[in-house]
Amino acid sequence: MNSPVSFDVVDNIGVITIDNPPVNALSHAVRAGIQSGIREAAAIDVDAVLIICAGRTFCAGADITEFGKPPKSPWLPELVDEIEASDKLVVAALHGTALGGGFEVALASHYRCAVADAAVGLPEVKLGLLPGAGGTQRTPRLGGVATAVQLMTSGTPMPAPQALEAGLIDHIVDGDLKAGALQYTKKLLADGAPIRRTSELPVEAGAAELVAGMRAEVAKRARGQHAPLRILECIEQAVTVPFAEGYRRERELFTESMQDPQSAALRHVFFAERNASKIKDLPKDTPQRDIGTVAIIGAGTMGGGIAMSAANAGYSVQLLDIDKDAVDRGLSVVDRNYAGMVKRGKLSEDAAKACREKIRGTTAYADIAAADLVIEAVFENLDLKKKVFAQLDETMKQGAILATNTSYQDVDAIAAATGRPQDVIGLHFFSPAHIMKLLEIVRTDKTADDVLATSMAFARKIRKVPVLSRVCYGFIGNRMLRVYMREAQLCLLEGGTPESVDTAMEDWGMAMGPLSVGDLAGLDVGYKARESLPPEERGDPKVTRVADLLVEAGRLGQKTGAGFYRYDPDTRKRIPDPEVVTIIEQVANEYGIARRDIDAAEVVDRLLFGLANEGLKIVGEGIAQRPGDVDIVYIYGYGFPAYRGGPLHYADSVGLDHVLASIREFGKRFGAELWTPAPLLEELVANKQSLADWQEHNNGI
Ligand code: T1G
């Protein structure tokens with residue numbers, strides 16, 4: 001089999017070229033190829049060695065698909081040590097994203113050059129790992145402690161010009177990388193540049209104190225994740241003990257992190273996120289429609305956020321609402337959001353101005369008739385949405401994609417309000433739409449393949465993480481949320497308080513507890529959604545009785561300063577409110593519920609196993625393509641901690657048999673009508689199969 005690595009001599013420089021698409025991952029074949037290149041260079045009369053990659057990027061790290069498989073020599077640490085030990089000058093030439101093990105190969109090289117739009121990074125922390133090929137020991141020596149801590153605990157790549165300033169790379173190449181890198185290498189040789197082994201470089205003075213000063217901040221940002229603290233320990237080693245000793249400790253901690261369930265969860269998320277945008281029954285080469293202009297119907301909070309997402313990706317956007325006041329109100333919220341992004345350094349003043357100029361307001365449907373994609377984001381009422389789609393059917397050019405941002409309405413019914421249901425699709429954004437990464441793409445029975453393929457591509461272009469859903473009430477996310485919120489409110493009635501229920505979930509890792517989420521979203525949103533349902537579909541009234549009473553008392557949540565909590569008007573901090581506990585006790589009394597101690601473990605199990613059970617029903621019914629999609633919905637749409645892998649990965653990690661046994665137990669205690677095990681769950685437990693196995697064998701990606 002052809003090696004993905006070639007070696008040739010150019011102007012007496014040994015050039016090692018890696019060509020392992022798509023991202024030149026450091027698979028075993030690549031590592032072996034680089035090693036034989038280094039050895040060949042040592043054996044022949046060349047002046048120096050250049051390591052360079054073909055394709056779109058320098059090595060983007062170790063090959064993650066090899067993790068968990070028996071390691072094959074040369075291991076990456078062995079290889080980088082051999083590169084550094086070379087008696088011939090070794091230069092790494094970087095383009096694209098030199099990440100993880102790829103950047104460690106560069107760090108072990110004696111000099112590094114890059115094109116200006118390259119980036120370097122050590123994102124292992126995003127996989128629950130740490131740089132395991134000397135990165136934690138070499139980076140502080142080359143770039144200093146502050147840069148090292150930032151680079152490794154954030155996992156965010158650093159653009160080449162900044163890396164040059166930080167000393168992580170030595171030269172920016174203009175024009176063609178290979179030509180520029182060869183020229184740079186020749187200049188180093190001509191200048192008699194010494195072999196410079198990073199591991200032998202000193203650490204900066206006062207480094208140990210610097211690292212110690214960063215521990216509290218890193219621990220705070222870690223929020224329950226183990227990898228950032230392991231990384232910090234490695235950096236502490238790097239600045240306090242000899243290289244070899246620090247390197248040994250790095251290896252121990254790397255092995256520990258590889259066995260950590262948090263890393264298994266984050267690796268699951270890495271691939272689940274990439275698989276989510278693959279539609280099983282849609283060929284990769286499905287044609288797409290051209291999308292140049294986008295129109296948004298409804299200039300409310302969602303409409304404005306969606307407009308910004310599209311404008312930020314370069315689309316011309318028209319924002320339509322019934323009258324000028326409504327349009328102006330919507331545009332002023334957009335202006336405020338851009339000002340906020342500039343203030344938080346998320347966008348430069350110029351970039352914000354350029355994006356804002358792409359958004360124009362209108363009140364006339366005629367103005368949007370030529371748009372390629374129109375996204376309806378009006379008030380959440382089915383009849384109103386049907387009316388809007390009937391008008392769009394009359395107005396929009398043939399071939400335009402008609403999308404609805406509904407959070408739970410029947411998209412089939414909305415499509416039926418037009419004469420072109422094949423052009424209708426659900427694009428369900430999450431609030432705030434210009435920030436939240438998740439986009440549920442809702443496919444009706446009639447949605448055309450090219451509409452689907454175009455919508456997936458549009459989602460990626462506006463930097464969203466798309467997940468496909470079939471039509472059901474609440475699609476994937478909100479359907480599961482009903483069970484999660486049901487259990488949260490029942491735990492309240494049975495003995496909990498908003499604080500105790502929320503703290504149980506936050507200590508477990510959720511970004512925000514369920515009741516606080518309710519207050520943030522606005523309790524009236526759920527109230528109106530319930531009101532829009534026929535009584536027989538509203539479920540047991542006792543479940544939402546407390547929330548209904550709060551809404552009827554004008555306590556809508558943060559926006560009215562009170563909901564399940566009171567909110568400090570200055571800090572917006574939540575404050576437990578005894579008045580709410582009184583209401584809870586009254587409702588419990590009303591329904592004859594004897595309140596008892598409910599410990600955090602019970603709250604966590606009821607909410608998470610409820611979530612997982614509904615998620616498995618959704619996968620079993622084919623609403624979601626695969627379990628990983630459900631996990632991605634919850635991680636990018638509902639603040640589920642990625643290091644727990646998502647509701648279904650978590651259920652798999654605690655054991656599906658344990659989940660099923662708990663659900664059956666809950667069924668006995670709280671009613672089988674609430675706790676009916678998902679058929680897929682019963683099938684998997686009966687077959688002693690994990691979800692990961694089932695995914696592997698049943699539908700692969
Ligand atoms: N290994 C294996 N496959 C990889 C991969 C990797 N490192 N990186 C990407 N892929 C696959 C990905 O699954 C997808 O496959 C395709 O490449 C395109 O990726 C010792 C142990 C480089 C910024 O964490 O961040 O080194 O879905 O869709 O949006 O210290 O991929 O097409 O079949 O993401 O242009 C550290 C991970 C590893 C970087 C490109 N490195 N990759 O983004 O394309 S740990 C990382 C990325 C390590 C050492 C340790 C991104 C990207 P498919 P894509 P993209």
- request: Filter the stretch 33-45 down to residues that are of a type outside the set (Ser, Thr, Tyr) and closer than 8 Å to VAL5 by Cβ and give me whichever is surrounded by the most Cβ atoms within 10 Å (Cβ to Cβ).
  value: ILE34
- request: Name the residue, out of MET158, MET152, that is within 16 Å of the ligand (Cβ to nearest atom), modelled with pLDDT of 95 or more, hydrophobic (A, V, I, L, M, F, W, C) and touching a strand residue (DSSP E or B) at 6+ places or on another chain (Cβ under 7 Å).
  value: MET158
statement: With the first residue restricted to the stretch 249-262 and required to be farther than 16 Å from ARG138 by Cβ, and the second required to be within 13 Å of the ligand (Cβ to nearest atom) and among the polar types (S, T, N, Q), Cβ contacts under 8 Å at 6 or more apart or on different chains are SER257/SER263
task: Sort through ALA244, ALA352 and tell me the only one that's aliphatic (A, V, I, L, M), within 30 Å of MET214 (Cα to Cα) and away from the ligand (no atom under 16 Å from the Cβ).
output: ALA244
statement: the stretch 470-534: helices (runs of 4 or more DSSP H) wholly inside it with 2 or more residues that are under 30 Å from VAL424 (Cα atoms) are 477-494, 523-531
message: Pairs please, first residue from the stretch 68-84 and in contact (Cβ under 8 Å) with a residue 60 or more places away in the chain, second anywhere and hydrophobic (A, V, I, L, M, F, W, C) and within 13 Å of the ligand (Cβ to nearest atom), Cβ atoms under 6 Å, 6+ apart in sequence or on different chains.
response: PRO77/ALA133; GLU84/ALA108
All positions within the stretch 366-381 that are exposed (fewer than 15 other Cβ atoms within 10 Å of the Cβ) and not small (Gly, Ala, Ser): PHE379, ASN381
message: Can you list residue pairs whose Cβ atoms sit under 7 Å apart, with the first residue in the stretch 338-351 being within 16 Å of ILE435 (Cα to Cα) and the second being assigned to a helix (DSSP H, G or I) and charged (D, E, K, R)? Count only pairs 6 or more apart in sequence or on different chains.
response: TYR338/ARG356; VAL342/GLU349
- line: Within the stretch 170-210, the residues that are of a type outside the set (Asp, Glu) and at pLDDT below 95 are VAL203, ALA205, GLY206, ALA207, ALA208, LEU210
field: Candidate set: the stretch 648-701, residues that are within 16 Å of the ligand (Cβ to nearest atom) and in a helix (DSSP H, G or I); chosen: the one surrounded by the most Cβ atoms within 10 Å (Cβ to Cβ)
entry: GLN695
query: Given (1) out of contact with any Pro (no Cβ under 6 Å at 6 or more places or on another chain); (2) surrounded by fewer than 21 Cβ atoms within 10 Å (Cβ to Cβ); (3) closer than 26 Å to GLY620 by Cα, where does TRP508 come up short, assuming only one miss?
result: (3)
- prompt: In the stretch 1-82, which strands (runs of 3 or more DSSP E) lie fully inside it and hold 1 or more residues that are within 13 Å of the ligand (Cβ to nearest atom) and aromatic (Phe, Trp, Tyr)?
  reply: none
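The values are calculated or read from the model by the stated rules, or taken from the named source; none is laboratory data. All values reported here derive from a predicted model rather than from experimental measurement. Quick reminder, even Gly has a Cβ in these numbers, built from the backbone with ideal geometry, and neighbours come from all protein chains shown.
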